[in-house]
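Asks: If you scroll down you'll find the structure; I have some questions about it.
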Amino acid sequence: MRWLAILVAALGILGCGGDEPGANEHDPLHGPTEQPVSCEELRCGELDCTTDGELARCLCPPGSFGADCHPCEEGTQDWDDDGVCAPDCLTAALACGMGWCDDISGTARCSCPEGNEGEACERCTIGYQDHDGDGLCTLSCALAEIECAHGACDDATGSTLCACEPDWAGERCDMCAQGLQDYDFDEVCLPDCRTAALECGRGECVDASGVARCACFAGWEGENCDRCKEGLQDEDGDGICEPLRE
C-alpha cells in the first residue's frame, strides 16, 4: 500500500530497522507479528524508544502510531489506502449475528456465511431457511433437491431431511423400519420373524422369501406346524410323526 511504502522508506532513511539483521519483522496488513520487549530488539534507529509496561515502542513522529509507527490511530485502519482512517472491526463492534466483521476493504462490515445475507446477516438468501430460529440459514427443500426413496423432503425443523412413509426409515427412506424386512425386494416392508412372533409348534419361523412363515420339521405340516402329515401320527406326543399303526 502507498502509505506503507512511504513509511518503510522513511524508516530506512532514519535507520529504523531496514534490512539490518534482527530487524522487527511485521505483517503489512496486521502490524508486528510479535511485539518486541526491548528497545534494542525494536531498533528504532534515530527515533527515540520507550518501554510501555513490559513492551517497547518507537516514539513516532506526528501522524503515525503504534509500535511500528503506522499511519492510523489504534482502533482505526486505512486498508483501502484512500488516506482516511476509518474504524476497524474492534472499534466498530458490529452485531453480525451468524457472520463476522471484515474491514479489509477499508470499511468495517459484516461478512455472512453462505445462506445468510443483510447488513447484520439477519435474513436468509432465497432458497435457504431458518425454521428452527437459530440464526443460521441452511438449504431449503426447494434448493436441496434431496431424493427420498419412500418419503418426501422436509425442512420444518431447520434441517433439510427426508420424512419417511410408514414402515420406511433411513437417511433417504430406502430401508425398512426396525422389525420389518423387504427380502424379496418388492418395495413392501413386512414384519420379520422377530416382529411376527409366530407360534410354529414343530417348526421355526423363516422370512427369507419376504413373508414371515412357519417352516415345519420333517413329518409336520399346517400353518403353525401343529399336525402330522397325512399317513403319520404322534400319538405318544414325543414330537415325532411316525407312520400310522395298523
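The values are calculated or read from the model by the stated rules, or taken from the named source; none is laboratory data. All values reported here derive from a predicted model rather than from experimental measurement. Note that we place each Cβ from the backbone using ideal geometry, even for glycine, and neighbour counts take in every protein chain shown. Areas reflect the complete protein model, heavy atoms only, side chains present, ligands, DNA and RNA absent. Shrake-Rupley method; radii C 1.70, N 1.55, O 1.52, S 1.80 Å.
Asks: Counting just the residues of region 211-235 that are open to solvent by 90 Å² or more (accessible area, probe 1.4 Å) and in a loop (DSSP other than H, G, I, E, B), which one comes out farthest from Cys176 (Cα to Cα)? Before you say what the answer is, go through the steps one by one.
Replies: So the first thing to find is which residues in region 211-235 are open to solvent by 90 Å² or more (accessible area, probe 1.4 Å), and the list is 213, 217-218, 223, 226-227, 229-230, 235.
When the remaining residues are screened for being in a loop (DSSP other than H, G, I, E, B), the result is 217-218, 223, 226, 229-230, 235.
On the way: Phe217: 30, Ala218: 33, Glu223: 26, Asp226: 31, Lys229: 36, Glu230: 39, Glu235: 44 Å.
By that ranking, first place goes to Glu235.
Asks: Can I ask one more? Out of curiosity, is Cys89 within 30 Å of Thr50 (Cβ to Cβ), without any contact (Cβ under 8 Å) to a residue 40 or more places away in the chain and touching a Cys at 6+ places or on another chain (Cβ under 9 Å)? Show your work before the answer.
Replies: Numbers: within 30 Å of Thr50 (Cβ to Cβ): yes; without any contact (Cβ under 8 Å) to a residue 40 or more places away in the chain: yes; touching a Cys at 6+ places or on another chain (Cβ under 9 Å): yes.
Yes, satisfied.
Asks: Take the conditions among the hydroxyl-bearing types (Ser, Thr, Tyr) and surrounded by 14 or more Cβ atoms within 10 Å (Cβ to Cβ) and apply them to Ser140. Does it pass?
Replies: Working: among the hydroxyl-bearing types (Ser, Thr, Tyr): yes; surrounded by 14 or more Cβ atoms within 10 Å (Cβ to Cβ): yes.
Against the criterion (among the hydroxyl-bearing types (Ser, Thr, Tyr) and surrounded by 14 or more Cβ atoms within 10 Å (Cβ to Cβ)), Ser140 qualifies.
Asks: In the list Asp192, Asp167, Asp182, Asp236, which residue meets the criterion of being farther than 30 Å from Arg123 by Cα and out of contact with any strand residue (DSSP E or B) (no Cβ under 6 Å at 6 or more places or on another chain)?
Replies: Working: Asp192 fails: out of contact with any strand residue (DSSP E or B) (no Cβ under 6 Å at 6 or more places or on another chain); Asp167 fails: out of contact with any strand residue (DSSP E or B) (no Cβ under 6 Å at 6 or more places or on another chain); Asp182 fails: out of contact with any strand residue (DSSP E or B) (no Cβ under 6 Å at 6 or more places or on another chain).
Going through Asp192, Asp167, Asp182, Asp236 in turn, the sole match is Asp236.
Asks: Also: Kindly check whether there is at least one residue in region 74-95 that is open to solvent by 70 Å² or more (accessible area, probe 1.4 Å) and touching a Pro at 6+ places or on another chain (Cβ under 9 Å).
Replies: Scanning region 74-95, I find at least one residue that is open to solvent by 70 Å² or more (accessible area, probe 1.4 Å) and touching a Pro at 6+ places or on another chain (Cβ under 9 Å), so the answer is yes.
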